[in-house]
Structure formats: C-alpha cells, structure tokens
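This report refers to the structure that appears directly beneath it.
The values are calculated or read from the model by the stated rules, or taken from the named source; none is laboratory data. The structure presented is a predicted model; accordingly, all values stated were derived computationally and were not measured. Positions of Cβ are backbone-derived with ideal geometry, glycine not excepted, and every protein chain shown enters the neighbour counts.
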Amino acid sequence: MNQEFPTFPKECKSMLCKHLTKEVFTSLKDKKTSSGFTLQDAINSGVENIDSGIGVYAGDEESYDTFAALFDPIIEEYHSFSVDDKHKSNLNPNDLKAPNPDPEGKYIVSTRIRVGRNIDNLPLGPAITKEQRNEVEKQVSSALKSMSGTLSGVYYPINGMSEEVSAKLIEDHFLFKAGDRYLEAAGLNRDWPEGRGIFHNDEKTFLVWINEEDQLRIISMQMGGDIKEVFTRLTSAISEIEKSVKFSYNSHIGYITSCPTNLGTAMRASVHIKLPKLAEDMDTFKAITDKHHLQIRGIHGEHSESEGGIYDISNKRRLGVTEVECVQDMYDGVVALIAKEKSL
Ligand code: ADP
Ligand code: CIR
C-alpha cells in the first residue's frame, strides 16, 4: 500500500482533499484497527476518484475513533455535528406530520425510505472477510424468514439470479447493481456477487438489500405520495428484524455505517417527483432544496441523471436529527417544491 501523502489536483473538491492535511496524514498513516483497516484503505476511494464529494469509508466502528482526526472534521462539515454532540433517535410514526402532499398523484411518482444497518461487532463492508459476509447473509436471510403478514417474503441471492430478472429489478428501482467506481475502490465489490441478495414481499413494498454498501439496507417503498404509510411500514419492519439481529449503534454517532454521510439515522427518505417547470430554473429549485436540507439526485440513484423532469429528492441531514425529523425535512421541502411548480 502506498504510504506517500497523496496529492490532489487543484480542481479536487472532496472533503478528503480538504481535511487530509500532511499533519493529519502523518499522525494516522501507521494506525490500524483490530480488523486490520488502515488509513490507506479508508481514503482509497477518494484518492482514486478525485471527483468524490466525500472520498472516505470506514472499515469498522473503530475506524471512526482510530482515524478521528480525519473523520471528525468530515462528519462535522457534512452533518453540522460536533464531537461533543449526541445523536438521538425517534422512529415513532405518530410524531410525523405528513398528510399526502399530492393526493391527486400529479407530481409524486413514488416514495421510498431506507435505512442502513450493520451487525454489532463485525467489520463493515470495506473490511469484512468473505466468510463473515456469507455469515451475515445467512443470519439476516434466516431472520427475515420470520417476517409475517404483509411483510413476509422471499430472499433471492444475486448469485444465480438470471441476467434478465436482475436487469428488470434494477430498472424498476428495486435492486442494487454492482458497486460503482467509488464503491469498487472502497473494497465494497470484493467477491461480487457472492453473499449479496435481496429479500422482498410480494408487492415489493418492503425490501432488504443484503451486503451492499451496508450489510442491510431496509427499504419501504410504494407508488404515490403517502409518506406516512411508507414510514410506518418501515418502522414496523425494523422492530421485527431487531428482535433477532443486534445492530451496531453508539450514542455519539448513532447507527454505524460504512460511509460517514449515512451515520446517525442512516436514513434516506425520498420521492421521485415531476417538476418540469421548476427544472428550467435550477437556481430557484436549489434555493428551495437548500432551505429544507434536501439533496437532488437523478432517478437511477446516486450519480445518475434526471429523466423527463423527474427528480429524486431526499433529506441530506441524517446525524443529530431523528428519523422523524429526516422525513419531516423531506416532506416540508416537497410541499414547498409542489407549491412552486404549481405557481409557474
Ligand atoms: P440509496 O438510496 O440506497 O442510498 P440510490 O440513490 O442508489 O441508493 O438509490 C437506490 C435505488 O432506489 C435506485 O434504483 C433509485 O432509483 C431508487 N429510488 C430512490 N428513491 C426512490 C423513490 N422515491 N421511488 C422509487 N425508487 C427510488
Ligand atoms: C463520494 O464521496 O462522492 C462517494 N463516496 C459517495 C458519498 C456519499 N454520497 C453523498 O453524499 N451523496
């Protein structure tokens, strides 16, 4: 592994390039966590991909302590969350004020809320061994067998799934693809597709991704804008899974995830929404999303483009705010976006 201080071109805007000073590099370059994760492993994605927004990944919960001199300023900048702050959780759907903002279905195509979760006392995806990853698949798919009622479903490993079936699931926004170059450089594609898979119920309104960027991505989604129904289903599913799987959580940074942008709630609540008029004035569009702490993505996920004036709008803040607040951010922003689109 290269022990030299990486140099970044002038146009590089990643948080890695901003916060990895020579001093920080020197103080961390010989450190290692108990799963053997090094500074070079943590920064490889941002070193190889100079267009990264962030550029770092954790290999285990310990990485956030061992490499705190690098992770803390990144966490502080991304989440506006300081080392003395404490995370808080609230998964009670009764606290969410979110009547359907688009009952006629003119703007919101679909709603999706996901959380990332990892199992306590195991390395995260970037440092996990093949055997440990396979063990996660076994433990989680077995726990999911006891889901009941509308949450019951079947686990489908990606290994052995036909090309046709996986392409259709990806196109319909249900399944993940092999990681992109950011995840590849983070070590998250090792042994692909072994140990990876998707569980879903018949209606594909409740899904669990196994061993993607995080060991579990628990997802609730459906057509239209009934955000509260989607949140309620998600919270019941999480409680059910928690009966048999212990998730990695600490009182400072909340749920532990491999990418520091997901720490805290690990929640991304999004809508696919049609805003063709507003899309012609991206400054106004961005002023509204910034005000409500929202992120704009394309409709095929992160790093994809919009199609036909449809955007993926989601909460940006995840740490130091509760799950209810994450969804409330998204909801309030969506109400404002629809009002603006109507006025144009
Ligand atoms: P994640 O949300 O898991 O961090 P992505 O941004 O890659 O990761 O999105 C994963 C998949 O979920 C993509 O196929 C994306 O199009 C789909 N998706 C996200 N939000 C919605 C939504 N509101 N409705 C339908 N599909 C969605
Ligand atoms: C990056 O640094 O750009 C990628 N590793 C993805 C970071 C997480 N995504 C995000 O903030 N939108």
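A few points about this structure:
- Residue identified as more than 13 Å from ligand 1 (Cβ to nearest atom) and basic (Lys, Arg) among LYS168, LYS138, LYS177: LYS138
- Considering (1) more than 21 Å from the chain's Cα centre (by Cα); (2) under 30 Å from ASP191 (Cα atoms), the lone condition that ASN121 does not fulfil carries the number (1).
- Where strands (runs of 3 or more DSSP E) fall wholly inside the stretch 144-230, the ranges with 3 or more residues that are under 21 Å from HIS303 (Cβ atoms) and touching a residue at least 60 places away in the same chain (Cβ under 8 Å) are 216-223.
- Single match in SER239, SER220 (criterion: of a type in the set (S, T, N, Q), more than 16 Å from ligand 2 (Cβ to nearest atom) and more than 23 Å from LEU175 (Cβ to Cβ)): SER239
- Every pair of residues 6+ apart whose Cβ atoms lie under 6 Å, when the first sits in the stretch 315-334 and is on the phi > 0 side of the Ramachandran plot while the second is of a type in the set (D, E, K, R): GLY320/ASP85
- Residue match in the stretch 103-110 (condition: assigned by TED's automatic domain parsing to the domain that holds ILE310 and of a type in the set (S, T, N, Q)): yes
Yes or no, residue by residue, for (1) aliphatic (A, V, I, L, M); (2) surrounded by 20 or more Cβ atoms within 10 Å (Cβ to Cβ); (3) out of contact with any helix residue (DSSP H, G or I) (no Cβ under 6 Å at 6 or more places or on another chain):
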{"residue": "ASN94", "(1), (2), (3)": "no, no, yes"}
{"residue": "ASN100", "(1), (2), (3)": "no, no, yes"}
{"residue": "ARG114", "(1), (2), (3)": "no, yes, yes"}
{"residue": "ARG117", "(1), (2), (3)": "no, yes, yes"}
{"residue": "GLU135", "(1), (2), (3)": "no, no, yes"}
{"residue": "LYS145", "(1), (2), (3)": "no, no, yes"}
{"residue": "THR150", "(1), (2), (3)": "no, no, yes"}
{"residue": "TYR155", "(1), (2), (3)": "no, no, no"}
{"residue": "ILE170", "(1), (2), (3)": "yes, no, yes"}
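- The sole residue among ARG117, ARG112 that is within 13 Å of ligand 1 (Cβ to nearest atom), among the basic types (Lys, Arg) and within 14 Å of SER258 (Cβ to Cβ) is ARG117.
- Answer residue from the stretch 54-72, given it is hydrophobic (A, V, I, L, M, F, W, C) and within 20 Å of the chain's Cα centre (by Cα) and is nearest to ligand 2 (Cβ to nearest atom) among those: ILE54
- Boolean, ILE219 is within 14 Å of ligand 1 (Cβ to nearest atom), surrounded by 24 or more Cβ atoms within 10 Å (Cβ to Cβ), within 19 Å of the chain's Cα centre (by Cα) and closer than 16 Å to PRO93 by Cα: yes
- Screening GLY309 with (1) of a type in the set (Gly, Ala, Ser); (2) under 20 Å from the mean Cα position of the chain (by Cα); (3) surrounded by fewer than 20 Cβ atoms within 10 Å (Cβ to Cβ) gives one miss only, at (2).
- No other residue among THR257, THR261 is touching a residue at least 40 places away in the same chain (Cβ under 8 Å), over 15 Å from GLY53 (Cβ atoms) and within 16 Å of ligand 1 (Cβ to nearest atom) apart from THR257.
- Only residues that are among the basic types (Lys, Arg) and more than 14 Å from ligand 1 (Cβ to nearest atom) were counted in the stretch 182-207, giving 1.
- Qualifying residue in the stretch 277-287 (condition: surrounded by 21 or more Cβ atoms within 10 Å (Cβ to Cβ), away from ligand 2 (no atom under 14 Å from the Cβ) and under 24 Å from GLU77 (Cα atoms)): no
- Taken over the stretch 265-303, the criterion of being within 15 Å of ligand 1 (Cβ to nearest atom) and of a type in the set (A, V, I, L, M) is satisfied by ALA266, MET267, ALA269, VAL271, ILE273, LEU275, LEU294, ILE296, ILE299.
- Residues (within 16 Å of ligand 1 (Cβ to nearest atom) and either over 14 Å from PHE37 (Cα atoms) or without any contact (Cβ under 8 Å) to a residue 24 or more places away in the chain (or both)) located in the stretch 50-74: SER52, GLY53, ILE54
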